[in-house]
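Undergrad: Let me begin by handing over the structure; questions about it come next.
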Amino acid sequence: MVLATELGSSQPESSFDLSTYLVKRKEAIEVALDSALPVIYPEKIYEAMRYSLLAGGKRLRPILCLASCELAGGTADMAIPTACALEMIHTMSLIHDDLPAMDNDDYRRGKLTNHKVYGDDIAILAGDGLLTYAFEFIATKTENVPPQQVLQTIAYLGRAAGAGGLIGGQVVDVESEGKTDVSLETLNYIHAHKTGALLEACVVCGAILAGASAADLQRLSRFAQNIGLAFQIVDDILDITATQEELGKTAGKDVKAGKVTFPSLWGIEESRRQASQLVADAKAQLAVFGSKALPLLAIADFITSRSN
Ligand code: GRG
């Protein structure tokens, strides 16, 4: 297990250096993910799972989980197995999303997609392997957290990943494909579920592990719902404005597919304004936490300023 010192300690209250924080946290998460998933028999499946899990990415979800656990008075060590599990679930959703039956993408995180390297059959199974292992990992590796809080975390995550969360969002997305009359309400549903549900689970589960009160969980949930939507709006903008090299995946896919997105409904400038407003609303939810909220506040700002 990763030690608190390796995870980088909490920052001094007056200043907060987000880039150093993100680099340190990302390094610690890479180490934890690497040791979480050794290659054993049958090697092929573990190699395919590791191929995508260790392919980089911003590691935003585990970083949010650790930050939220600390905000709520816990330690990063308490949340590291859940943080790894969140990245496993996120990665499995990317593997399945990239399959020919879904988005049919050739590149992800700057590398060939899982099915391009291992074939559709193994890619499906690698996703399944990561999804199931995520829950096993939380249940078996979480230490120094009351069992009731671990159970609540597992239940929250199961709901977020399931038909009422990621899967539901993906289903409505798939059903909306090729339609030009997708409403803002439907678009909001898709993204609140497909992207927002897991981001919310990151923040809420971190705080559950720390034993946060129901009122604090509510505040953190509202914070995360807002940054989740802002994250997706920025994602849609970047699909138009960024290059394949910057994104590590095919750029301009939405326009090419004639997909209804936030910028296609609002234009880029208004989309940026909406994303900034959502981030401002998100940050307002954390006012009660004072300087303990500095990392989450800075991450919220990063969501609108990011370039990939
Ligand atoms: C969870 C059981 C289960 C099934 C998955 C395929 C599917 C169902 C859902 C699709 C979810 C999906 C791909 C949502 C898009 C989310 C999104 C904006 C991804 C990009 O996230 P980043 O930018 O990527 O954080 P990195 O690579 O940095 O981690």
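Undergrad: What do you reckon, is A201 aliphatic (A, V, I, L, M), within 16 Å of the ligand (Cβ to nearest atom), surrounded by 19 or more Cβ atoms within 10 Å (Cβ to Cβ) and more than 23 Å from A257 (Cβ to Cβ)?
TA: Values: aliphatic (A, V, I, L, M): yes; within 16 Å of the ligand (Cβ to nearest atom): yes; surrounded by 19 or more Cβ atoms within 10 Å (Cβ to Cβ): yes; more than 23 Å from A257 (Cβ to Cβ): yes.
Yes: the conditions hold for A201.
Undergrad: Among the candidates I95, I40, I122, which residue alone is in contact with a Gly (Cβ under 7 Å, 6 or more places away or on another chain) and over 25 Å from S19 (Cα atoms)? First the steps, then the outcome.
TA: Numbers: I40 fails: in contact with a Gly (Cβ under 7 Å, 6 or more places away or on another chain); I122 fails: in contact with a Gly (Cβ under 7 Å, 6 or more places away or on another chain).
The conditions single out I95.
Undergrad: Does Q148 meet the test of being under 20 Å from the mean Cα position of the chain (by Cα), assigned to a helix (DSSP H, G or I) and under 30 Å from L209 (Cα atoms)?
TA: On the way: under 20 Å from the mean Cα position of the chain (by Cα): no; assigned to a helix (DSSP H, G or I): yes; under 30 Å from L209 (Cα atoms): yes.
Taking the combined requirement at face value, the residue does not satisfy it.
Undergrad: Looking only at the stretch 104-115, decide whether some residue is modelled with pLDDT of 95 or more and assigned to a helix (DSSP H, G or I).
TA: Scanning the stretch 104-115 turns up at least one residue that is modelled with pLDDT of 95 or more and assigned to a helix (DSSP H, G or I).
Undergrad: Any residue in the stretch 221-228 that is among the basic types (K, R), part of a helix (DSSP H, G or I) and buried (at least 19 other Cβ atoms within 10 Å of the Cβ)?
TA: Step one: of the stretch 221-228, the residues among the basic types (K, R) are 222.
The next check asks that each one be part of a helix (DSSP H, G or I); those that pass are 222.
Subsequent filtering for residues that are buried (at least 19 other Cβ atoms within 10 Å of the Cβ) retains none.
Checked against the condition, which is being among the basic types (K, R), part of a helix (DSSP H, G or I) and buried (at least 19 other Cβ atoms within 10 Å of the Cβ), the stretch 221-228 yields no hits at all.
Undergrad: Mind listing whichever residues of the stretch 47-91 are free of Cβ contacts under 8 Å to residues at least 40 places away in the same chain and within 13 Å of the ligand (Cβ to nearest atom)?
TA: L54, R59, T91, listed by residue number.
Undergrad: While we're on this one: Could you please find all residues in the stretch 162-186 being within 11 Å of the ligand (Cβ to nearest atom) and of a type outside the set (V, I, T)?
TA: G162, A163, G165, L166, G168, G169, Q170, D173
Undergrad: Do we have any residue at all in the stretch 102-112 that's free of Cβ contacts under 8 Å to residues at least 24 places away in the same chain and within 18 Å of the chain's Cα centre (by Cα)? Break it down into steps so the answer makes sense when it comes.
TA: Of the stretch 102-112, the ones free of Cβ contacts under 8 Å to residues at least 24 places away in the same chain are 104, 112.
Within this subset, residues satisfying the condition of being within 18 Å of the chain's Cα centre (by Cα) are none.
Among the residues of the stretch 102-112, not one is free of Cβ contacts under 8 Å to residues at least 24 places away in the same chain and within 18 Å of the chain's Cα centre (by Cα), which makes the answer no.
The values are calculated or read from the model by the stated rules, or taken from the named source; none is laboratory data. Keep in mind it's a predicted model, so treat the numbers as computed, not measured. Note that each Cβ is placed from the backbone with ideal geometry, even for glycine, and that neighbours are counted across all protein chains shown.
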